[in-house]
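To start, the structure itself, in structure tokens.
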Amino acid sequence: MALFALDQATKYLVLSKIPIGTDTDVIPHFFRIVSVRNTGIVFGLFSQSQNESHQGGFILFTALALFAILYYSHKKKVTESREFYPLALILGGATGNLLDRILHGRVIDFLDFYVGDYHWPAFNIADSGIVIGVGLLLFLQWGEERKQKRAPVEH
């Protein structure tokens, strides 16, 4: 919930204070705030498609993913496990970007890191939550696999 609220608050500020296509240097030659709209998915993939059916597909896919995470969390009682926070980050981020797609037909991105001419694709707080959540889940899975490999085999 906190990630979702922070994501929506920052997107509101971008929408209300920064005209589309403009930017503000925060750390020269490294980081700036931009105002872009992403019609694609993560890191602008498929953004060249302006087709409404693609937007509907992105909305449907995100809604199904949210449902699957909630179902998994309920069945596994995730609130009692280490997966709670990573899944909460993913849910908060996915919900923030889903709301953007429903309300605006695209996702508001504004964080732009770059060095020289190399730019990481612009992203937002929701994207950060999703990436961090997935990374934490992978790390937890890796730790479980290592633990299982070290466990003595019972005969």
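The values are calculated or read from the model by the stated rules, or taken from the named source; none is laboratory data. Predicted, not measured: the structure shown is a model, and the values here were computed from it. Don't worry about glycine lacking a Cβ; one is built from the backbone with ideal geometry, like all the others, and counts go over all protein chains shown.
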So, of the residues in region 96-132 that are over 14 Å from the mean Cα position of the chain (by Cα) and part of a strand (DSSP E or B), which turns out to be surrounded by the most Cβ atoms within 10 Å (Cβ to Cβ)? D112
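Suppose we filter H74, H29 for residues that are more than 17 Å from the chain's Cα centre (by Cα), assigned to a helix (DSSP H, G or I) and at pLDDT below 95; which single one remains?
Details: H29 fails: assigned to a helix (DSSP H, G or I).
Among H74, H29, only H74 is more than 17 Å from the chain's Cα centre (by Cα), assigned to a helix (DSSP H, G or I) and at pLDDT below 95.
For region 77-95, give me the residue count where each residue is buried (at least 18 other Cβ atoms within 10 Å of the Cβ) and either more than 12 Å from the chain's Cα centre (by Cα) or not in a helix (DSSP H, G or I) (or both). Please lay out each step first, then the result.
If we filter region 77-95 for residues that are buried (at least 18 other Cβ atoms within 10 Å of the Cβ), which is where we start, we get 78, 83, 86-95.
Filter once more, keeping what is either more than 12 Å from the chain's Cα centre (by Cα) or not in a helix (DSSP H, G or I) (or both): 78, 83.
Residues that pass the stated criteria total 2.
Looking at the structure I just gave you, is L60 surrounded by 12 or more Cβ atoms within 10 Å (Cβ to Cβ) and assigned to a helix (DSSP H, G or I)? Even if it seems obvious, please write down each step before you answer.
Working: surrounded by 12 or more Cβ atoms within 10 Å (Cβ to Cβ): no; assigned to a helix (DSSP H, G or I): yes.
So L60 fails the test.
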